[in-house]
Amino acid sequence: MPTIRPIADLRDTSKISELCYKKNEPVFITKNGSGHLVVMSMDTYDKQMGLLDIYRKLGAAECQINEDVPLLDGDEVFKRLRNKHGK
């Protein structure tokens, strides 16, 4: 269930910060009963941006598959990386 708070609650920034870290999810702020802002902790933001990056990369990979771009062998990719970085 999403956390929804009125914009007046932003006056107590410590309370909103605590709520963001406690819930580990975005807090939706309303103004005059309608959605207005979304506030979240840096940890939650970083996780959301990481997921977005993964979804973008998956989308690009699906496009390559649909365009019949040849797939790389996983073992070969890791072998090249080890050789390049000396591990």
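Readers should treat all values here as calculations from the given coordinates under stated rules, not as data from a laboratory. Bear in mind that the values here come from a model prediction, so they are computed numbers and not experimental data. Every residue, glycine among them, receives a Cβ derived from its backbone with ideal geometry; neighbour counts consider all protein chains shown.
Just tell me which lysines come within less than 19 Å, Cα to Cα, of Lys31; anything on the same chain fewer than 8 places away is out.
Lys15
Would you list, by chain and number, the lysines whose Cα falls below 24 Å from the Cα of Lys57, excluding same-chain residues fewer than 8 positions away?
Lys47, Lys79, Lys84
Can you compute the modelled spin-label distance between Leu58 and Leu71, with each label point 7 Å from Cα toward Cβ, in nm?
Once both label points are built, they end up 1.6 nm from each other.
In percent, what relative contact order does the chain have, based on Cα pairs under 8 Å that are 6 or more apart in sequence?
RCO, the chain: 19 percent.
For percent of Cα pairs over 19 Å apart, several values are listed as (i) 43; (ii) 37; (iii) 61; flag the one computed from this structure.
After the calculation, the listed value that fits is (iii).
Report the net charge of residues surrounding Asp43, where surrounding means a beta-carbon distance below 13 angstrom and charges are Lys +1, Arg +1, Asp -1, Glu -1.
Counting the neighbours of Asp43, the net charge comes to +1.
Under the rule of -39500 (n - 2.57) per DSSP H run of 4 or more residues, summed and divided by the residues of the chain, what mean residue ellipticity at 222 nm is obtained, to the nearest 500 deg cm²/dmol?
It lands at -18500 deg cm²/dmol.
Can you give the net charge of the other residues whose Cβ lies under 11 Å from the Cβ of Cys20, counting K and R as +1 and D and E as -1?
On the way: positive: Arg5, Lys15, Lys22, Lys23; negative: Glu18, Glu25, Asp43.
Overall, the nearby charge balance is +1.
What residue among Ile16, Ile65, Ile29 has the largest mean-square fluctuation in a Gaussian network model of the chain, using Cα springs under 10 Å?
With Cα springs under 10 Å in the chain, the top fluctuation among Ile16, Ile65, Ile29 is at Ile65.
What does the charge add up to near Pro6, with Lys and Arg as +1, Asp and Glu as -1, over the other residues with Cβ less than 14 Å from its Cβ?
Working: positive: Arg5, Arg11, Lys15, Lys31; negative: Asp9, Asp12.
That works out to +2.
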